[in-house]
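In what follows, a structure is listed as structure tokens, so that the remarks can point back to it.
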Amino acid sequence: MINLEPTNKMNQVKGSMNGMAKGILRPIARKYDEQEHEAPKELDMFRSIKIMNRSKKKKEGEEKKADAPSGGGKKLGSNLAMVISIEEMCWGDLGLVLSLPNAGLGNAAIVAVATDEQFERFGSKWASMAITEPGSGSDSGSITATAKLDGNEWVLNGEKIFVTCADRCDIAVIWATVDKKAGKSGIKSFIVEKGTPGFSLDKLEHKLGIRASDTGTYVLQDCRIPKENILGSAEVKQTTEGFKGVMKTFDNTRPLVASMALGVSRAAIEFTKEKIEESGITLDYNANPNNCSSLEKEFYLMEANNEAMRLLTWRAAWMMDNGEFNNTEASMAKAKSGRYGTLICQKCCELLGPLGISCENLTEKWMRDVKICDIFEGTGQVQHLIVARNVLELSSKQLK
Ligand SMILES: Cc1cc2nc3c(=O)[nH]c(=O)nc-3n(C[C@H](O)[C@H](O)[C@H](O)COP(=O)(O)OP(=O)(O)OC[C@H]3O[C@@H](n4cnc5c(N)ncnc54)[C@H](O)[C@@H]3O)c2cc1C
């Protein structure tokens, strides 16, 4: 049976993440929104911390003691702890969380699929993940960047756009095809180190939100990397199993994006609640809904949706902790959170009136920031498609 009651240890971690959000992230949130492209030096102190790590094998009995909820039941592990932590940190600032060293999407891929030797070489480096191309976004199976084996080196060519932490990272995980005719089964990922000849950062984007996070374009022109920098096997199988394996990284990271939206929208709700109460309105949760003002009703709906976002996100993370396949649940969490995070932040701006668009508080910024959670790592529409395919048992060819 599912049990989402956080352990004491998780509550402690939540408390310290909230302290970090309040003490470090919130105070500099506006500064780096205004100074786009300037690296937040206040985050350098996190450089030595391996935020994404491989879990060590525990001795028998140890895991139960550390992770089991009181009263036994299934495991509450690192994935649930991670979504709880991300929510707290993003309550502080989403753009800055995306700028935390060594916590890129590329790091998640390395943790998931690198060999021990690759993990030794790259595990402590900050890694971006470059999939999107000018002609390929939601349909990541249609990428055109190429990788050709030439002796002991791969030669990479192509362009990658909208790469998070493109400038600040040390290495990039680049998706390219080794055989265009093979379709999805020809797509592999490669580790390219910054400074490699033929690999350049072409430009940085100016963005609506998450302006503290650097988003850029890479160009690869006859970029040569060692043969052993391919992540996973170089073999092109006739099935799409290899590609599905890479896509599995998203089942791990989509609940993280869902918890980002959760943190930002919770921040907006809390600020709005404070202002509503300051204006003399008492929120009465026992009142008959028919006797509520329109403002109160809108507020309760936001809180209910925020709670639904959390439950879906925690369920997807809990399934990962228990080794259960969570493709549908991860997409459900991301679809709900991306969409409702956006709607909640917009509604807060609306309910706050002029305060909602004033730069004297962060509500207008939260509205701009949260939208990304409905775009990257698969848009809301794409999440709906994944859920529909799974529920209806249709393939990607049958339901496009
Ligand atoms: C700030 C930012 C950071 C990013 N970071 C990264 C990163 O680190 N690495 C990376 O590789 N990419 C990154 N991206 C790219 C992001 O993942 C893509 O923007 C996203 O996948 C959507 O692709 P697209 O922009 O090409 O839109 P398109 O695929 O062209 O989609 C356009 C619209 O059509 C809809 N649509 C597409 N297909 C369907 C369908 N079958 N059914 C219904 N609707 C559909 C989409 O939902 C969307 O609304 C980032 C983007 C942004 C804005």
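Any idea which of (1) without any contact (Cβ under 8 Å) to a residue 60 or more places away in the chain; (2) open to solvent by 30 Å² or more (accessible area, probe 1.4 Å) is the one residue 336 doesn't satisfy?
All conditions are met except number (1).
Could you tell me whether region 203-213 includes any residue that is more than 15 Å from the ligand (Cβ to nearest atom) and open to solvent by less than 20 Å² (accessible area, probe 1.4 Å)?
No, there is no match, as no residue in region 203-213 is more than 15 Å from the ligand (Cβ to nearest atom) and open to solvent by less than 20 Å² (accessible area, probe 1.4 Å).
Sort out which residues of region 345-375 are assigned to a loop (DSSP other than H, G, I, E, B) and closer than 21 Å to residue 306 by Cβ, and write them in order of number.
Across region 345-375, the qualifying residues are 361, 362, 375.
May I ask you to list the residues in region 350-375 that are farther than 23 Å from residue 36 by Cα and without any contact (Cβ under 8 Å) to a residue 60 or more places away in the chain?
350, 353, 354 - these are the residues of region 350-375 that are farther than 23 Å from residue 36 by Cα and without any contact (Cβ under 8 Å) to a residue 60 or more places away in the chain.
Okay, residues lined up against (1) within 15 Å of the ligand (Cβ to nearest atom); (2) closer than 20 Å to residue 142 by Cβ:
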site	(1), (2)
337	no, no
356	no, no
361	no, no
369	yes, no
375	yes, yes
382	yes, yes
385	yes, yes
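Exactly one of these conditions fails for residue 74: (1) open to solvent by 20 Å² or more (accessible area, probe 1.4 Å); (2) charged (D, E, K, R); (3) modelled with pLDDT of 90 or more. Give me its number.
So residue 74 meets the others, but not (3).
Looking only at region 220-231, decide whether some residue is within 11 Å of the ligand (Cβ to nearest atom) and either touching a strand residue (DSSP E or B) at 6+ places or on another chain (Cβ under 9 Å) or in the same structural domain as residue 48 (by TED's automatic domain parsing) (or both).
no
Tally time: how many residues in region 137-163 are open to solvent by 40 Å² or more (accessible area, probe 1.4 Å) and either within 12 Å of the ligand (Cβ to nearest atom) or closer than 20 Å to residue 105 by Cα (or both)?
Count: 6.
Name every residue in region 105-118 that is farther than 18 Å from residue 334 by Cβ and either within 13 Å of the ligand (Cβ to nearest atom) or open to solvent by 20 Å² or more (accessible area, probe 1.4 Å) (or both), in order of residue number.
Listed by number, the residues that qualify are 106, 107, 111, 113, 115, 116, 117.
Sort through 387, 391 and tell me the only one that's part of a helix (DSSP H, G or I) and open to solvent by 40 Å² or more (accessible area, probe 1.4 Å).
It is 391.
Suppose we keep only residues that are loosely packed, with under 14 Cβ neighbours inside 10 Å and among the acidic types (Asp, Glu) within region 43-65. Which one would you say is modelled with the highest pLDDT?
44
Looking at residue 199, is it among the aromatic types (Phe, Trp, Tyr) and either away from the ligand (no atom under 16 Å from the Cβ) or closer than 20 Å to residue 111 by Cβ (or both)?
no
Checking the structure you have, find out if any residue of region 230-241 is open to solvent by 30 Å² or more (accessible area, probe 1.4 Å) and within 28 Å of residue 88 (Cβ to Cβ).
Scanning region 230-241 turns up no residue that is open to solvent by 30 Å² or more (accessible area, probe 1.4 Å) and within 28 Å of residue 88 (Cβ to Cβ).
Just to be sure before I move on: is residue 131 within 16 Å of the ligand (Cβ to nearest atom) and either outside the structural domain of residue 329 (by TED's automatic domain parsing) or at positive phi (or both) in the structure I sent?
For residue 131, the condition - within 16 Å of the ligand (Cβ to nearest atom) and either outside the structural domain of residue 329 (by TED's automatic domain parsing) or at positive phi (or both) - is met.
The values are calculated or read from the model by the stated rules, or taken from the named source; none is laboratory data. The shown structure was predicted, so the numbers you read here are calculated from the model rather than taken from an experiment. Positions of Cβ are backbone-derived with ideal geometry, glycine not excepted, and every protein chain shown enters the neighbour counts. What goes into the accessible areas is simple: the full protein's heavy atoms, side chains included, and nothing from ligands, DNA or RNA. Shrake-Rupley method; radii C 1.70, N 1.55, O 1.52, S 1.80 Å.
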